[in-house]
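Notes to accompany the following structure.
Derivation of every value follows stated rules applied to the coordinates shown; laboratory data play no part. Small disclaimer: the values here were computed from a predicted structure and weren't measured. Every residue, glycine as well, gets a Cβ built from its backbone with ideal geometry; the counts of neighbours run over all protein chains shown.
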There are 2 protein chains.
Amino acid sequence: MRIIVQKYGGTSVGDVERIKMVARKSIQALQRADGLVVVVSAMAGETNKLVDLAHQINPRADERELDMLLSTGERVTIALLAMAIQALGYQARSFTGRQVGIVTDSTYTKARIKRVECDHIMDLLRQGTIAVVAGFQGIDEKQQVTTLGRGGSDLTAVALAAALKADICEIYTDVDGVYTTDPSIEPKARRLSRISHDEMLEMASLGAKVLQARCVEFAKRHNVPLVVKSTFEEGEGTLITREDADMEQVVVAGVACSRDLARITLHEVADRPGIAARIFNAIAAKNIVVDMIIQNISEHGLTDISFTVPRSEGRRALELLAPVVEEIGAAETKLNETIARVSIVGLGIRSHQGVAAKMFEALSREGINILMISTSEIKISCVIEEAYMERAVRALHAAFELDREPTAVRARAGTAGTAR
Amino acid sequence: MRIIVQKYGGTSVGDVERIKMVARKSIQALQRADGLVVVVSAMAGETNKLVDLAHQINPRADERELDMLLSTGERVTIALLAMAIQALGYQARSFTGRQVGIVTDSTYTKARIKRVECDHIMDLLRQGTIAVVAGFQGIDEKQQVTTLGRGGSDLTAVALAAALKADICEIYTDVDGVYTTDPSIEPKARRLSRISHDEMLEMASLGAKVLQARCVEFAKRHNVPLVVKSTFEEGEGTLITREDADMEQVVVAGVACSRDLARITLHEVADRPGIAARIFNAIAAKNIVVDMIIQNISEHGLTDISFTVPRSEGRRALELLAPVVEEIGAAETKLNETIARVSIVGLGIRSHQGVAAKMFEALSREGINILMISTSEIKISCVIEEAYMERAVRALHAAFELDREPTAVRARAGTAGTAR
């Protein structure tokens, strides 16, 4: 049984005409499936309107009540979309998060999905009824309404696709796919036809905004193939799928960048066991995520430690460190809030030689100084001065020839070109 | 344990400021109760907005989907009101129809309450937490969302008051109580301080718009005392309660009237057994409610039959009758759509002599011709020409001295006057 799960975001269902268009698109999709599930968000603007009402009434609104409030937006959309599909002569039935069986923990406003109990909808799907499901929401073990936080509707779609063993999970949005880099920085950016879950995960974590990292993570863990497509234009979109042999032949799939970064440096810290633990425990205790950490070679028993945190947390991290700095006797603490990170991501990085050198060279040709470096199996990130970020992105995009379709992919796609 | 159930309608929670006001009123009520339940409607205008969206999308919207859609309005209000109460430093928790245990049948858009399973909220109430409950909605045995139709929020409040054995169910609305008659017709109309369930039931059925008949019926069946009060003004409101000995001493409690009436007359119908059954079966089959029926004394084996139906159903009733008229060979069928009904209601009607005569006399003094009469134990209704309705109401109000507080009531209330 071929099952398709589709997800349409708030802009795609933003008014009556768009809901009707989504109804038509779902019916088209039904023709190529044995069962269709459509997950929708609240109509664009509705969630903000509700949040605004809540803030007017209680700026420190209880999170359980916020979830009760915010879960209504998606319920409106599912009812309207089901009606729109029925108006075209097809069968549809709306399901709330509870009704479709999204069971979460009790962390209101950012609940985690524990399990999906959706076997009961299989009969309906088999009969050709389109299941229209409220994204972003679930129910905890105590029957309380929860919401899943940012990107929650994507997560609902992926979780349902996993539970239903769907052939594909299609994420419809206002961009037509995943690009080699941000097209607003590099107009030569090219839409990727395919990318692996791991590459997409790195891209998402490093600042690509098309999908939330936890959605991709979920898709990877349950091996759900995702397609990101535009609601408003025809096109193939980008397939995000499990890794295959061909993929590794493409050294670099994309260039990511982010300004959401601040660097903290502790100068002349005693180079003794336990010092680093003291520093990072103080920060971790307040749930601040540390990204890169660099420790210099020590001289005279003293060393410098630098690390990056989200820029919005920079000052708070500094405050948290104050007592620790006192205790360990660091000479000086500095906060740099004008840095950025550029990264190259690709499965080929782990098997090709000289990729890092090529990256550093490209940056150096532009006169860009590298402040910090970090690497993983499939990505290399450099921290640089924020002012150079866009120039760095363009230089890396050119150096790795990302504006051109890779030969391997072209061969696979059956168009001109020679396989490597 | 003294439990109070309050209900606030859509106008009372129409914007942020009004929701805050309702929060303050609930907290005041908590001081005079051991447990407080507050039932709310959707913010004024929201339900219409949703219905309008539905009609734009599908003019023949599925009723299950309509209920899914319409149930969201109350969910918004409960979350906001709970937040508003919390902002004032008190405890509150919102409950959907499902969460509070309103179990209904599966008649979407006008479901009937089958039972209320709300024992689980008793602990919360005992701890001083205000339960904020979504009116108008429930859930059927298959876990589908249902709504209760017009006046549904009042019904939710009364049903909860019955299940929780509440001391009182307070219905807050935009009028300050139940009046002896419609004050827009008779400015001398007086707010009743008390009225029996039965009288209120007749008043509601006969056109008084303060409460829906089925809400009063439910309150009567479960002996729930109701108070109707204004949200916006201080005042005692009207207590609707079980009958006591004093009440019967007031002959007439109020005058009701309605224009929502049409009369159908079948002339020269054969006066044989089974004819009336044939006529009224045809109409009942289409769920048209027949109110009064009058059959004249027969002459030469022929008779005239007149009856009233809701005015909106008049033409349809006529169409339904066409084949029957053919069959039974009536000489002529007439539809009169310019009639009205005026009624007097009071427990004392059953025990006092000459009440009907006094009514007919009052109408005749005004030169008003009576077209049809029907009586029950505690009401007398006359059908008249619509043009005379307002004059009739004023004449009856004066004839039964309804502008003056009855002596019996004054005595009971402990103010001046002599008990009868």
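Say a label goes 7 Å from Cα toward Cβ at A:Glu234 in every copy; what distances in nm does this one have to the rest, shortest first?
Distances between equivalent label points, in nm: 7.2.
Between A:Glu361 and A:Arg316, what FRET efficiency follows from the Cβ-Cβ distance if R0 is 51 Å, with the result rounded to 0.05? Write down the numbers at each step before the final one.
Working: r = 37 Å, r/R0 = 0.73.
After rounding to 0.05, the efficiency reads 0.85.
Could you work out the Rg to Rh ratio of region B:200-314, with Rh taken as the Kirkwood radius (inverse of the mean 1/r over all Cα pairs)? Intermediate results must be reported in sequence, preceding the final value.
Working: Rg = 19.6 Å, Rh = 17.5 Å.
Rg divided by Rh gives 1.12.
What lysines does A:Lys358 reach when the alpha-carbon gap must be under 22 Å and sequence neighbours fewer than 8 apart in one chain are set aside?
Cα-Cα hits under 22 Å: A:Lys188, A:Lys379.
Apply the Karplus parameterisation 6.51 cos²θ - 1.76 cosθ + 1.60, with θ equal to phi minus 60°, to every residue of region B:142-157 and state each ³J(HN,Hα) to the nearest whole Hz, in sequence, with x for glycine and proline.
9, 6, 8, 6, 10, 10, 9, x, 3, x, x, 5, 4, 5, 4, 5
Average partner chain C-beta neighbours within 10 Å, per residue of B:143-150?
Values: counts 3, 2, 6, 0, 0, 0, 0, 0.
If you average over the peptide's residues, the count of other-chain Cβ atoms is 1.
Top mean-square fluctuation among A:Ala79, A:Ala330, A:Ala111, Gaussian network model of chain A, C-alpha springs under 10 Å?
Of the options given, A:Ala330 has the highest mean-square fluctuation.
Averaging sequence separations of C-alpha pairs under 8 Å and six or more residues apart, then dividing by the length of region B:1-67, give the relative contact order as a whole percent. It would help to have the intermediate numbers written out before the result.
On the way: 65 pairs, mean separation 26.6, N = 67.
In percent, rounded to a whole number, it is 40.
Take every residue in peptide B:81-90, count the Cβ atoms of other chains within 10 Å of its Cβ, and give the average of those counts. Each step should come with its number before you reach the end.
Values: counts 2, 8, 14, 6, 4, 6, 6, 1, 0, 0.
Mean partner shielding for this stretch: 5.
Taking only Cα atoms of chain B, what ratio of Rg to Rh do you get with Rh as the Kirkwood inverse-distance radius? Before the final figure, lay out each step's value.
Details: Rg = 23.8 Å, Rh = 23.4 Å.
My calculation puts Rg/Rh at 1.01.
Hey, what D do you get for the protein assembly as shown in µm²/s if you plug the Kirkwood alpha-carbon radius into Stokes-Einstein at 20 °C and 1.002 mPa s? Could you put the intermediate results ahead of the total?
Working: Rh = 32.0 Å.
Estimated via Stokes-Einstein, D reaches 67 µm²/s.
Count neighbours as other Cβ atoms within 10 Å of each site's Cβ, and list the GluC sites (Glu not before Pro) in region B:231-325 that are DSSP loop with at most 16 such neighbours.
Numbers: sites: B:Glu233, B:Glu234, B:Glu236, B:Glu243, B:Glu248, B:Glu268, B:Glu299, B:Glu313, B:Glu319; in loops: B:Glu233, B:Glu234, B:Glu236, B:Glu243.
For GluC sites (Glu not before Pro) across region B:231-325 that sit outside H, G, I, E and B with at most 16 neighbouring Cβ atoms in 10 Å, the list reads B:Glu233, B:Glu234, B:Glu236, B:Glu243.
Go through region A:110-120 residue by residue and turn each phi into a ³J(HN,Hα) via Karplus (6.51, -1.76, 1.60, θ = phi - 60°); whole Hz please, and just put x for glycine and proline.
Residue by residue, region A:110-120 yields 8, 5, 9, 6, 8, 6, 10, 10, 10, 4, 5 Hz.
Build a GNM of chain A with springs between Cα atoms under 10 Å: which of A:Ser196, A:Ser351, A:Ser230 gets the top mean-square fluctuation?
Highest fluctuation among the options: A:Ser351.
Which order results if A:Met43, B:Met83 are arranged by neighbouring Cβ count within 10 Å, fewest first?
Numbers: A:Met43 23, B:Met83 29.
The most exposed by this proxy come first: A:Met43, B:Met83.
Can you put B:Ile130, A:Ile264 in order, fewest other beta carbons within 10 Å first?
Working: B:Ile130 27, A:Ile264 23.
Least crowded to most crowded, the residues run A:Ile264, B:Ile130.
Ignore the peptide's own chain and count Cβ atoms of other chains within 10 Å of each Cβ in A:95-102; give me the average, rounded.
Taking the mean over all residues of the peptide, I get 2.
Classify region A:3-174 as rounded, prolate or oblate from the Cα gyration tensor: take a ≥ b ≥ c as the square roots of its eigenvalues, call it rounded if a/c is under 1.5, otherwise prolate when a/b beats b/c and oblate if not. Can you show the working numbers first?
Values: a/c = 2.16, a/b = 1.39, b/c = 1.55.
Because a/c hits 1.5 or more and a/b fails to exceed b/c, region A:3-174 counts as oblate.
Sequence-distant or interchain residues sharing an amide H contact under 5 Å with B:Lys114, placed H: which?
For B:Lys114, whose amide H was placed from the backbone, the distant partners under 5 Å are B:Val103, B:Thr104, B:Asp105.
Name the residues whose placed amide hydrogens come within less than 5 Å of the amide hydrogen of A:Leu302, ignoring near sequence neighbours (fewer than 5 apart) on the same chain.
Answer set, sorted by chain and number: A:Asp271.
Which of the GluC sites (Glu not before Pro) found in region B:133-214 are loop residues per DSSP with 11 or fewer other Cβ atoms within 10 Å of their Cβ?
Numbers: sites: B:Glu141, B:Glu170, B:Glu199, B:Glu202; in loops: B:Glu141.
Hits after loop and neighbour filter: B:Glu141.
Checking the table B:Lys220/B:Lys334; A:Lys209/B:Lys49; A:Lys165/A:Lys229 against a 28 Å threshold on Cα-Cα, which pairs fail?
From the list (B:Lys220/B:Lys334; A:Lys209/B:Lys49; A:Lys165/A:Lys229), the Cα-Cα distance tops 28 Å for B:Lys220/B:Lys334; A:Lys209/B:Lys49.
Evaluate Rg over Rh across region A:137-243, taking Cα atoms for both radii and Kirkwood's formula for Rh. Can you show the working numbers first?
On the way: Rg = 14.3 Å, Rh = 14.3 Å.
Reported Rg/Rh, Kirkwood definition of Rh: 1.00.
Most exposed first by the Cβ proxy, i.e. fewest other Cβ within 10 Å, how do A:Ile275, A:Ile19 rank? Don't skip to the answer; put the middle values down first.
Details: A:Ile275 20, A:Ile19 23.
Lowest to highest Cβ neighbour count: A:Ile275, A:Ile19.
Pairs of Cα atoms under 8 Å, at least six residues apart: use those to get the relative contact order of chain A, whole percent. Numbers along the way, then the final one.
Working: 907 pairs, mean separation 54.9, N = 420.
In percent, rounded to a whole number, it is 13.
Run lengths n ≥ 4 of DSSP H only: what is the helix-derived mean residue ellipticity at 222 nm for chain A, with -39500 (n - 2.57) per run over all residues, to the nearest 500? Walk me through the intermediate numbers first.
Numbers: 13 runs with 146 residues, N = 420.
Taken over chain A, the calculation gives -10500 deg cm²/dmol.
Name the residues whose placed amide hydrogens come within less than 5 Å of the amide hydrogen of B:Arg194, ignoring near sequence neighbours (fewer than 5 apart) on the same chain.
Here the answer is B:Leu239, since their amide H atoms fall under 5 Å of that of B:Arg194.
Pull up the cross-link candidates among the lysines for B:Lys142, meaning alpha carbon to alpha carbon under 23 Å and not fewer than 8 places away within one chain.
Hits, sequence-local ones excluded: A:Lys142, B:Lys110, B:Lys114.
Using the Karplus curve 6.51 cos²θ - 1.76 cosθ + 1.60 with θ = phi - 60°, what ³J(HN,Hα) values do you get for each residue of region A:71-76, in whole Hz, with x for Gly and Pro?
5, 6, x, 5, 5, 4
Would you list the P(r) distribution for region A:245-420, with all Cα-Cα distances sorted into 10 Å bins from 0 and each bin expressed as a whole %?
9, 31, 28, 20, 8, 3, 0
May I ask you to derive the relative contact order of region A:245-420, considering only C-alpha pairs under 8 Å and at least 6 residues apart, and to give it as an integer percent? Please report the intermediate quantities before stating the final value.
On the way: 312 pairs, mean separation 51.3, N = 176.
Contact order relative to length: 29 percent.
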